[in-house]
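Worksheet: the structure to be examined is printed underneath.
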Amino acid sequence: MEALLSVKDLSIGIRRNLPSGETRLFSSVEKVSFDIYPGEITGLVGESGSGKSLTAFSIPGLLDEKKEITSGSILFRRDAGAVQEGAETVQDLLKLGEKELQKIRGKEISMIFQEPFSSLDPLVKAGEQIAETLKLHGEKDKTLIRKQVLELLRKLKLGDAEKVMNAYPHRLSGGMCQRVMIALAMICRPRLLIADEPTTALDQSTQRQILSLMKEINADFGTSILFISHDLGIVRNLSNRVLVMYSGYILEEGSTEEIFKAPAHEYTKGLLRSIPGKKNRGQDLAAIPGRIPSLEEGRPRGCPFHPRCGKAEERCKSAFPPWRAMSETHKTHCVLEAK
């Protein structure tokens, strides 16, 4: 199967002002590569500061002026009907101008953000915000727009769809606002949905509802989803495949079953030990010692995780490990044999 999205050797820097008054570009994401296939849900996991959101925002071209993509490509297999006659259906998003990217955002690639209240315009009714995406992509029939918005709100189980459509965001709960954000992202039936920690600000009951909704979107619309989270427990119940990110690198990749049953990287193992469950009920959760180095500190030489790894060897400190295949679908940047 051909990939819908192929990120290849993506590197991203962040500009910071130094005490001396100079500005320096610090490496934040380093030579990241991964594929997302049609109809799959891919989980991207790691601690805060791993580079997950930065990677996600780079895909539809939403990085601010302080962020800079220094190398790589982001190849996206576009809907043939959306591309001009004679153009390639696979395009490098990094080579497209802002005008062309605007045609893709919301229509072929959509995003759901962490904070629904801050992402929605407080002065515009929920229905109008959802409808605006359709208008931006050429739909002019007001009756049809209203019908499509109502149908989607009902499909997303928003109760009284008419009432929600005419409500301002501050009149809605956090869970309802997140559903409105999902409706806004899905109204044009995109091929790829990027969800950046969409359940972080929600209570557990609402989290479960949103995750169930994501599964339904994937099943009903065939939408591929890149789901970003620091919570492996959530990813386990949602994703087909998992990417484990640390300090700007993808350190492990595999099917959900492979990652959870036979993790190969010590960082992945540490994350798994921190998941609450029946086995550790009533006990303090295991924590990975130390922290991710700041941009200013820079990454250590070799495997970036070695200063926090209890099993690190001298060879872990000298060079970044190449990929090691555990199976056809499972690989890791770790030289240590599973024990």
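Some notes on this structure:
- Residue selection: ARG208 satisfies the criterion of being basic (Lys, Arg), part of a helix (DSSP H, G or I) and either surrounded by 19 or more Cβ atoms within 10 Å (Cβ to Cβ) or within 25 Å of the chain's Cα centre (by Cα) (or both).
- Unique match (being touching a helix residue (DSSP H, G or I) at 6+ places or on another chain (Cβ under 8 Å) and either touching a residue at least 60 places away in the same chain (Cβ under 8 Å) or closer than 25 Å to ASP92 by Cα (or both)) among GLY13, GLY46: GLY46
- Test: residue in the stretch 191-199 that is within 24 Å of GLY39 (Cβ to Cβ), assigned to a helix (DSSP H, G or I) and without any contact (Cβ under 8 Å) to a residue 60 or more places away in the chain: no
- Residue check for PRO60: surrounded by 15 or more Cβ atoms within 10 Å (Cβ to Cβ) and modelled with pLDDT under 95: no
Here's the yes/no breakdown for (1) closer than 30 Å to LYS8 by Cβ; (2) loosely packed, with under 13 Cβ neighbours inside 10 Å:
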site	(1), (2)
THR89	yes, yes
LEU96	yes, no
ILE109	yes, no
SER118	no, yes
LEU136	yes, no
THR143	no, yes
ARG146	no, no
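- From LEU75, LEU101, LEU54, LEU44, residue being under 26 Å from LYS135 (Cα atoms), out of contact with any Cys (no Cβ under 7 Å at 6 or more places or on another chain) and either of a type in the set (Val, Ile, Thr) or not in a loop (DSSP other than H, G, I, E, B) (or both): LEU101
- Subset of the stretch 128-172 [over 27 Å from LYS99 (Cβ atoms), of a type in the set (S, T, N, Q) and in contact (Cβ under 8 Å) with a residue 24 or more places away in the chain]: ASN166
- Condition check for ASP64: touching a residue at least 24 places away in the same chain (Cβ under 8 Å), among the acidic types (Asp, Glu) and within 30 Å of PRO300 (Cα to Cα): no
- Of all the listed residues (GLU328, GLU337, GLU252), the sole one being of a type in the set (Asp, Glu), closer than 22 Å to LEU44 by Cβ and either modelled with pLDDT under 95 or not in a strand (DSSP E or B) (or both) is GLU328.
- Residues in the stretch 108-160 that are of a type in the set (D, E, K, R), modelled with pLDDT of 90 or more, closer than 27 Å to GLY39 by Cβ and in a loop (DSSP other than H, G, I, E, B): GLU108 alone.
- Meets criteria (touching a Pro at 6+ places or on another chain (Cβ under 9 Å), part of a helix (DSSP H, G or I) and surrounded by 13 or more Cβ atoms within 10 Å (Cβ to Cβ)) for VAL180: yes
- Of all the residues in the stretch 181-234, those that are of a type outside the set (A, V, I, L, M) and either in contact with a Cys (Cβ under 8 Å, 6 or more places away or on another chain) or over 25 Å from LYS125 (Cα atoms) (or both) number 18.
- Within the stretch 282-332, the set of residues being outside the structural domain of LEU25 (by TED's automatic domain parsing), within 23 Å of GLU258 (Cβ to Cβ) and in contact with a Ser or Thr (Cβ under 6 Å, 6 or more places away or on another chain) comprises PRO304, ARG324, THR329.
- Pick from the stretch 16-38, criterion surrounded by fewer than 19 Cβ atoms within 10 Å (Cβ to Cβ) and of a type in the set (S, T, N, Q), ranking: farthest from SER53 (Cα to Cα): SER20
The values are calculated or read from the model by the stated rules, or taken from the named source; none is laboratory data. Predicted model only: the values in this text are computed from it and were never measured. Using ideal geometry, Cβ is built from the backbone for each residue, glycine included, and neighbour counts are taken over all protein chains shown.
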